[in-house]
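The values are calculated or read from the model by the stated rules, or taken from the named source; none is laboratory data. Just so you know, these numbers come straight off a predicted model, no measurement behind them. Every residue, glycine as well, gets a Cβ built from its backbone with ideal geometry; the counts of neighbours run over all protein chains shown. Side chains are part of the model used for accessible areas, which takes the heavy atoms of the whole protein and leaves out ligands, DNA and RNA. Shrake-Rupley method; radii C 1.70, N 1.55, O 1.52, S 1.80 Å.
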Amino acid sequence: MNKIYKYILFSAAFLPMASCGLDMVPESTMTDAAYWKSEGDLRGACNRFYEQMNGNNDLGTGFSHDYRSDELSNNGRANDISTGSRTVPSESGSWTDAYWRIFIANNILEKAPQAAVTEDVLNKYLAEARFFRGLFYFELVKKYGDVPLLLHAVSNTKDPAIMMPRTPRQEVIEQVYSDLEFAAQWLPDIDKTDKWGHVSSQAAEAMIVRVGLYTGTHMKFHNGTDGDYKAHLQKSIKYAESLIKSGKFELYPDFDALFQLAGEGRQNRENIFVKEYGPNGAATTTHSNSRQMENAVCLTRNMVDMFLYTDGLPREKSPLKVSPETSYDDVFTNRDPRLAMTIYKIDEEAYKGPFKPFGFSTGYSLKKGFSLEQWNTLNKEYIDKMLIRYAEILISYAEALYELNGQITDDQLDATVNALRRRVNMPAMLTNAFVAQNQLDMREEIRRERTIEFIDENKRYDDIIRWKTAEYVLPADIIGAKFTDESGKQRQDYESHLTTAGSVKGKQRYGSEDDIYVIEFAEDRRFDPERDYLYPVPLYEIAQSGNAVTQNPKW
């Protein structure tokens with residue numbers, strides 16, 4: 001961390017000016033002593049968070065689709081986290097970028113009281129800084145477990161914090177709650193924020209819902225009865241109920257349009273916290289979501305098979321499934337309508353005309369969130385990205401209730417899981433009687449609903465980590481699309497494409513189906529449950545702490 005501390009000491013004096021829309025100025029012109037005088041200074045300092053924030057749902061750095069789980073395939077290219085092949089890095093942005101933002105928050109928290117503003121105004125900006133500090137500490141805990149908990153601005157390179165050891169994750173999480181609860185108290189209501197896309201009281205409550213569910217279920221499935229996991233689930237439930245009862249949010253009626261320009265702004269009452277992009281906002285930041293989708297992003301067959309049939313049953317139980325499949329499009333027959341809103345059918349208007357499988361990817365090419373209009377901007381796309389939406393609150397509420405009580409009522413299911421199904425006109429509803437009659441598992445059905453609702457919204461990896469199922473789903477075959485002649489390629493070209501190092505990955509039998517593309521064989525993948533549930537700590541951080549920061553087990 002020494003490297004980051006030196007960087008913040010060098011730049012903190014004039015850093016706030018970058019967020020005011022002004023050019024960076026030399027330290028001799030604008031020093032820390034000349035700043036922190038007015039509300040404008042506080043606003044400018046906090047605006048830095050929004051400039052650095054991107055459209056990833058984990059609010060991390062870099063705009064990309066998440067290939068760390070069994071959800072997406074990057075055109076057949078293996079991901080070192082998903083495959084278990086990563087090594088200990090010398091440095092990593094997952095660590096340094098989060099701490100850089102935490103240091104900015106600490107600097108604001110320490111310097112903001114110098115400004116000539118009222119207590120209410122001061123607390124508003126302190127709340128903004130604490131929201132982001134809590135958020136990024138949560139991101140660190142999810143990846144690394146125990147991490148150094150630094151709560152003050154570093155003033156010199158001799159600060160003892162440089163040699164700080166790792167703080168137990170539970171202590172860090174308690175600080176995260178403290179930060180977010182302060183934020184929920186002092187941030188403005190979502191309908192009274194200074195600018196759309198800035199954090200609100202409800203965004204802070206929604207983050208507590210997320211943190212409580214993650215922490216409670218992680219403790220339950222990793223530690224068993226060790227620790228009070230129920231307290232975290234109760235906290236998640238409390239704030240979910242607050243958001244639900246507020247009456248400020250509802251599901252957007254059109255799931256397809258939810259991820260398009262039509263779904264932007266406060267008029268979409270599903271939005272709780274968004275990253276604003278483009279010329280339609282104050283900033284001109286852009287992304288390349290649709291362009292990335294054209295070239296690489298495809299849904300695995302592993303995920304396609306999680307979508308229910310219209311009778312409410314999974315693939316292994318439903319008599320409605322087409323078997324054997326003779327067409328690439330047979331997977332859409334009698335399925336949850338969200339499947340056809342998530343991936344392309346043959347000849348559907350897509351990236352460069354009618355869609356043909358295997359043109360760009362070996363899996364099922366992703367459709368959700370693709371915009372041809374935005375694709376034509378040539379990597380200057382500006383559809384806002386939802387970071388927290390109301391659907392997450394509903395399904396998180398259902399899961400927290402079930403994990404806390406070991407049961408969930410039909411009324412609670414109707415207000416949560418079934419609300420998501422009604423939005424897309426899914427015929428079958430989830431009830432306790434239906435689960436019992438069909439010998440289903442309620443926990444698995446709630447998890448299934450969460451998984452298919454949030455495809456490509458950066459939730460799957462965190463979910464399989466907290467559920468402790470990564471050790472089962474990651475070291476398994478990653479399945480791609482079914483090949484048929486209608487796919488638009490000659491069979492010999494297809495088989496040539498599948499040949500890698502002398503072995504043909506295609507023409508595998510998958511259940512009762514032939515000619516299923518196996519993107520990655522299980523034998524090429526591994527997951528060590530004693531190691532891989534945590535990221536490796538970068539070597540630089542260990543060395544610069546004088547070994548006070550220790551490595552995670554087995555790395």
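Scan (1) out of contact with any Cys (no Cβ under 9 Å at 6 or more places or on another chain); (2) closer than 22 Å to ASP32 by Cα; (3) not in a loop (DSSP other than H, G, I, E, B) for the single condition SER155 breaks and write down its number.
The one condition SER155 does not meet is (3).
Would you check if PRO354 is farther than 30 Å from VAL199 by Cα, in contact with a Leu (Cβ under 9 Å, 6 or more places away or on another chain) and free of Cβ contacts under 8 Å to residues at least 12 places away in the same chain?
Answer is no for this residue.
Here is a check on your reading of the model: is LEU261 under 30 Å from ARG335 (Cβ atoms), crowded, with 17+ Cβ neighbours inside 10 Å, aliphatic (A, V, I, L, M) and in contact (Cβ under 8 Å) with a residue 40 or more places away in the chain?
Answer is no for this residue.
Looking only at segment 144-172, which residues are β-branched (Val, Ile, Thr) and at pLDDT 95 or above?
VAL147, THR167, VAL172, listed by residue number.
Please enumerate the residues belonging to segment 150-195 that are β-branched (Val, Ile, Thr) and within 16 Å of ILE102 (Cα to Cα).
Residues satisfying the conditions are VAL154, ILE162, THR167, VAL172, ILE173, VAL176.
For the condition open to solvent by 10 Å² or more (accessible area, probe 1.4 Å), hydroxyl-bearing (Ser, Thr, Tyr) and within 30 Å of TRP196 (Cβ to Cβ), what is the one hit in THR377, THR342?
Selected residue: THR377, the only one of THR377, THR342 that is open to solvent by 10 Å² or more (accessible area, probe 1.4 Å), hydroxyl-bearing (Ser, Thr, Tyr) and within 30 Å of TRP196 (Cβ to Cβ).
Output the residue which, of all residues in segment 173-206 that are at pLDDT 95 or above and among the small types (Gly, Ala, Ser), is most open to solvent (accessible area, probe 1.4 Å).
So, considering only residues that are at pLDDT 95 or above and among the small types (Gly, Ala, Ser), the one most open to solvent (accessible area, probe 1.4 Å) is SER178.
Could you name every one of the helices (runs of 4 or more DSSP H) located completely within segment 36-131 that has at least 1 residues being closer than 30 Å to ALA522 by Cα?
Once the helices (runs of 4 or more DSSP H) in segment 36-131 are filtered for at least 1 residues that are closer than 30 Å to ALA522 by Cα, what remains is 80-83, 93-111.
Name the pairs: first residue in segment 333-348 and at positive phi, second residue open to solvent by 10 Å² or more (accessible area, probe 1.4 Å) and small (Gly, Ala, Ser), Cβ to Cβ under 6 Å, at least 6 apart or on different chains?
none
Test GLN202 against the criterion of being of a type outside the set (A, V, I, L, M), part of a helix (DSSP H, G or I) and under 22 Å from GLY369 (Cα atoms), and give yes or no.
no
For segment 211-255, what are the residues that are open to solvent by 60 Å² or more (accessible area, probe 1.4 Å), modelled with pLDDT of 95 or more and part of a loop (DSSP other than H, G, I, E, B)?
Answer for segment 211-255, where residues must be open to solvent by 60 Å² or more (accessible area, probe 1.4 Å), modelled with pLDDT of 95 or more and part of a loop (DSSP other than H, G, I, E, B): GLU250, PRO253, ASP254.
Which of (1) at pLDDT 90 or above; (2) open to solvent by 30 Å² or more (accessible area, probe 1.4 Å) is the odd one out, the single condition ASN268 does not satisfy?
The number of the failed condition is (2).
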